[in-house]
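Below is one structure, written out as structure tokens, with a few remarks after it.
The values are calculated or read from the model by the stated rules, or taken from the named source; none is laboratory data. Not measured: the values here are computed from a predicted model. Counting neighbours? That spans all protein chains shown, and the Cβs are built from the backbone with ideal geometry, glycine included. Side chains included, ligands, DNA and RNA excluded: accessible areas come from the protein's heavy atoms. Shrake-Rupley method; radii C 1.70, N 1.55, O 1.52, S 1.80 Å.
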Amino acid sequence: MESELLERFLRGDRMALARVITHIEDGTALGAELYDALFGRAGRAYRVGITGPPGAGKSTLVRELAQAFRKRGGTVGIVAVDPTSPITGGALLGDRVRMPGFVADPGIYMRSMATRGSLGGIARATGEVADVLDAFGHDTVFVETIGVGQIEVEVARVCHTVAVVLVPESGDAIQAMKAGLLEVADVFVINKADRPGADTLVGELREALSLRTNQGTWREPLITTEATTGKGVGELVEALDAHRRHLEGTGLLAEHRRRAVRDKIATLVDESMRAGFWKEDGREGELDGLTEGVLRGEVSPRGAARRLLTKRG
Ligand SMILES: Nc1nc2c(ncn2[C@@H]2O[C@H](COP(=O)(O)OP(=O)(O)OP(=O)(O)O)[C@@H](O)[C@H]2O)c(=O)[nH]1
Ligand SMILES: [Mg+2]
């Protein structure tokens, strides 16, 4: 193991942090070793997920929030993922261009994830990078992602508070509900309040929320913002603080970490078993053969699965 890299990381060297993240992103063996070595240091940061449709103003909001949190003295780590532009690396350039001046503040570390690979792989790497930013000692970690399936579930898993950002342009609240965004939200942000339709969206969202049956003790606040001018960002910070206090007061903050660790272990076992299963005993080839068998009507899909699962000596 490259202990020199680890030492530099532990000394607070941002170049070392960048290299560790790259290894984790690439899924290298060293990345896994480094992650394991650092994991014990994570668990101190307050983690906030910012998720929503493309172009909703997430990065602009994160920049405003990061500055607000910096004013209170803490350091901020940011990881941003844009899984919609895997080839062009749009997120990489886009977010760097849109977040100028960030690197000038040594108290803010910002990283855009390269978005090659499967959604599951991106989700895994994002969660691990959040842990690494936490282990580095950042007081607050923001995770910016586009709300799509596996990624938002992972964001909810690794973040204490999830803010779902919606905009008048992104369609109605029902769309958001279908996309599963309502389930992961602790706070709703209606951004681009300067655009027409913002009030309608707030109304629709209130209605959609009132129809839900599984109401907990926390009522998700709806915050209206204009990220480009910073309007409403103060209220958003207050809403995040309130949710954090709620988690602390109910013991959910400590519970969050326990659940995250448990899920992490289970996921690693799942992944390893799955990978091992297909590699063993030529099962991948057998799958091809069984596929043909199903197509010829010789065996049902379930029958084929049963054959694959049957232990053989
Ligand atoms: N009018 C208006 N424009 C905004 C507001 N917030 C952000 N924008 C603009 O919307 C565009 C997208 O903003 P980003 O912050 O990059 O949005 P994003 O959600 O991070 O985008 P992706 O990461 O590409 O999904 C930029 O041109 C912003 O200047 C707002 O409150 N009002
Ligand atoms: Mg962005």
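How about segment 185-216: which of its residues are away from ligand 2 (no atom under 16 Å from the Cβ), under 26 Å from the mean Cα position of the chain (by Cα) and among the basic types (Lys, Arg)?
Arg206, Arg212
Here is a yes/no grid of residues against (1) away from ligand 1 (no atom under 11 Å from the Cβ); (2) at pLDDT 90 or above; (3) among the basic types (Lys, Arg); (4) surrounded by 15 or more Cβ atoms within 10 Å (Cβ to Cβ):
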{"position": "Gly94", "(1), (2), (3), (4)": "no, no, no, yes"}
{"position": "Val97", "(1), (2), (3), (4)": "no, no, no, no"}
{"position": "Pro106", "(1), (2), (3), (4)": "yes, no, no, no"}
{"position": "Gly117", "(1), (2), (3), (4)": "yes, no, no, yes"}
{"position": "Asp134", "(1), (2), (3), (4)": "yes, yes, no, yes"}
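Pairs please, first residue from segment 208-237 and modelled with pLDDT of 80 or more, second anywhere and within 16 Å of ligand 2 (Cβ to nearest atom) and part of a strand (DSSP E or B), Cβ atoms under 7 Å, 6+ apart in sequence or on different chains.
What qualifies is Ile223/Val189; Thr225/Val189; Leu236/Val189.
Of all residues in segment 54-72, count the ones that are out of contact with any Lys or Arg (no Cβ under 8 Å at 6 or more places or on another chain), within 7 Å of ligand 1 (Cβ to nearest atom) and on the phi < 0 side of the Ramachandran plot.
3
Testing Ala198 on (1) surrounded by fewer than 18 Cβ atoms within 10 Å (Cβ to Cβ); (2) modelled with pLDDT under 95; (3) touching a strand residue (DSSP E or B) at 6+ places or on another chain (Cβ under 7 Å), one condition comes back false. Which one is that?
If we test Ala198 against (1) surrounded by fewer than 18 Cβ atoms within 10 Å (Cβ to Cβ); (2) modelled with pLDDT under 95; (3) touching a strand residue (DSSP E or B) at 6+ places or on another chain (Cβ under 7 Å), just (1) comes out false.
For segment 222-236, enumerate the residues that are crowded, with 17+ Cβ neighbours inside 10 Å and over 16 Å from Lys58 (Cβ atoms).
If the condition is that a residue be crowded, with 17+ Cβ neighbours inside 10 Å and over 16 Å from Lys58 (Cβ atoms), then Leu222 is the only one that fits.
Checking Glu152 against (1) open to solvent by less than 20 Å² (accessible area, probe 1.4 Å); (2) within 16 Å of ligand 2 (Cβ to nearest atom); (3) at pLDDT 80 or above; (4) not hydroxyl-bearing (Ser, Thr, Tyr), which single condition isn't satisfied?
(3)
Which residue is modelled with the lowest pLDDT, if the candidates are limited to segment 48-58 and must be within 11 Å of ligand 2 (Cβ to nearest atom) and buried (at least 24 other Cβ atoms within 10 Å of the Cβ)?
This residue is Gly52.
For segment 118-138, which positions are within 10 Å of the chain's Cα centre (by Cα) and either of a type in the set (A, V, I, L, M) or not in a helix (DSSP H, G or I) (or both)?
Ile122, Ala123, Ala125, Val129, Ala130 - these are the residues of segment 118-138 that are within 10 Å of the chain's Cα centre (by Cα) and either of a type in the set (A, V, I, L, M) or not in a helix (DSSP H, G or I) (or both).
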